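Quick notes on the structure that follows.
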2 protein chains.
Amino acid sequence: MQQVVAPAFKNCTDCPIRHRAVCAKCDSEELELLEDIKYYRSFSAGQPVMWAGDHMDFVASVVSGVATLTQTMEDGRTQMVGLLLPSDFVGRPGRGVAAYTVTATTDLTMCCFRRKPFEKMIDTTPHVAHRLLEMTLDELDAAREWMLVLGRKTAREKIASLLSIIARRDALLGSAPPGKELVFDLPLTREAMADYLGLTLETVSRQISALKRDGIISLSGKRKISIPDMDRLLTEAGDDSDGGYLT
Amino acid sequence: MQQVVAPAFKNCTDCPIRHRAVCAKCDSEELELLEDIKYYRSFSAGQPVMWAGDHMDFVASVVSGVATLTQTMEDGRTQMVGLLLPSDFVGRPGRGVAAYTVTATTDLTMCCFRRKPFEKMIDTTPHVAHRLLEMTLDELDAAREWMLVLGRKTAREKIASLLSIIARRDALLGSAPPGKELVFDLPLTREAMADYLGLTLETVSRQISALKRDGIISLSGKRKISIPDMDRLLTEAGDDSDGGYLT
DNA sequence: TCCATTTTTTGATCTGTGTCAAGGAACGAC
DNA sequence: GTCGTTCCTTGACACAGATCAAAAAATGGA
């Protein structure tokens, strides 16, 4: 554990979880067998990757693009339960059935690992098992943070939370200078945003229009967002105490 | 992995995660060091166990009683993000700070393990690490299921989901015959239920009254629930197509 | 036992978000 | 280019659940 965080998302060509943060041992010999068990798959925007209940003989890591994890009730109500950005991991070792529906929302490339050999590797490679536990714990924290968003935040705050998450991850990937105006593409349709936030697409659209009207964000086209001041988005999203000059 | 599920929650005196399902190797010698690092703590109903941000030098498993995991915003809005029932695990190895506020909602006993030696044990005992990953993945699935509840279900359905979870866990603990009328104590106040469900306590109270009025559940006192037909609770909770005879 | 406190219920009213509906803008196929 | 499709916006209105308020029931201590 000597190496530290710096060169995240970079050049860990043999580690199954190479796309996330740092893996201290990525260059070591013990992972060579991965060459045999990994392969790449690509999907185009909108394409389903797998359906809940499908047989699933691999686990995977997102290399580029964005995918969503959703759950649907019999009557069609849909909730997104995870957003997969580059470096995120999908699939549960030890379980051959997909628990969620996965959909590519942009063009997507995943690095897949055949499940059985991957499981064997976990058992024989403690640091990979350890890393996997860390990642799962991070996901659990993210899910719990999202429970607060779903249960207690207003529509406006929900949008702010979502934009903040996407902007933060986007910045980490190196495309944005920190502390300045953030500009990024929304990788989701209004409907997908609604499914993530537990809202309807109309409410999402209205709230985005309102944030734009209040000067907290601006759009070029429908999908390119720019946020001059992230703190302002987060603190004022809930109250528009100084939004209108006539109140 | 020869042993199977039957005698859950029973007699795994040395395993840190003994209270949950079956641990195939609980009797083996490798866990003996646990005697040195474990101790028990008890709390009475209503008492805080720890606050988010507190220094935390242990991890723990719930032996008896119920505790909640909550998150609070600066303005006081509160969301419960986890319900800890007997056999559940709290604490993140490798992190010395509590991420959530933990509160005992009934009298509670936890089996605690000093964190540092516990971490060492994980590194040296693969099957414990493996079990911990399994448990974390289960919690992640539970959190995601709860996202669907929070994001897309009506108040009535939310109550039904909560009752179902508590009843199921209660039955697993052996206090109820399966398939028959379920009777159990609600270990939560109306307010705590509201915090779990993303509702107000008034709405919780009203919905429980409505379920009682419709004959789907019945109460003795405020806390003892009986559910004659769990399927009916789950299928009719959302629509009261035959609830009132005058519609 | 009685009193103080906490928890729960219920009512009246308000409001944020959903629903239904219509039209506009962007995009790909031909 | 034009057409068809999908995505997005906006308006009018309805309604589930929140808020405010008060009282009833349960609980615990002296």
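Readers should treat all values here as calculations from the given coordinates under stated rules, not as data from a laboratory. All values derive from a computational prediction rather than experimental measurement. Positions of Cβ are generated from backbone atoms using ideal geometry, with glycine treated the same way; all protein chains shown enter the neighbour counts.
Structure notes:
- Using a 7 Å projection from Cα along Cα-to-Cβ, the label point at B:Asp229 is separated from the same position in the remaining copies by 6.0 nm, smallest value first.
- Cα gyration tensor category, rounded, prolate or oblate, for segment A:29-149 with a/c compared to 1.5: prolate
- Of all lysines in the structure, the ones whose alpha carbon falls short of 17 Å from that of B:Lys180, not counting any fewer than 8 places away in one chain, are B:Lys224.
- Virtual spin-label span in nm between B:Ser164 and A:Ser64, 7 Å along Cα→Cβ: 4.3 nm
- Backbone geometry of segment A:212-221 corresponds, through the Karplus equation with coefficients 6.51, -1.76 and 1.60 at θ = phi - 60°, to 3J(HN,Hα) couplings of 5, 4, 7, x, 7, 9, 9, 10, 10, x Hz, x marking Gly and Pro.
- Distance (nanometres) between label positions extended 7 Å along Cα→Cβ at B:Arg223 and A:Thr106: 5.2 nm
- Virtual spin-label span in nm between B:Thr200 and A:Tyr39, 7 Å along Cα→Cβ: 5.7 nm
- Ranked A:Met73, B:Met147, criterion: other C-beta atoms within 10 Å, fewest first: A:Met73, B:Met147
- Full-stretch length increase - A:Ala142, A:Asp214 - with 0.36 nm per residue and alpha-carbon distance subtracted: 23.0 nm
- For segment A:155-236: rounded, prolate or oblate by the Cα gyration tensor [a/c cutoff 1.5]: prolate
- Pairs exceeding a 20 Å alpha-carbon distance, out of A:Lys120/B:Lys120; A:Lys38/B:Lys120; B:Lys158/B:Lys212; B:Lys38/B:Lys116; A:Lys158/A:Lys212: A:Lys120/B:Lys120; A:Lys38/B:Lys120.
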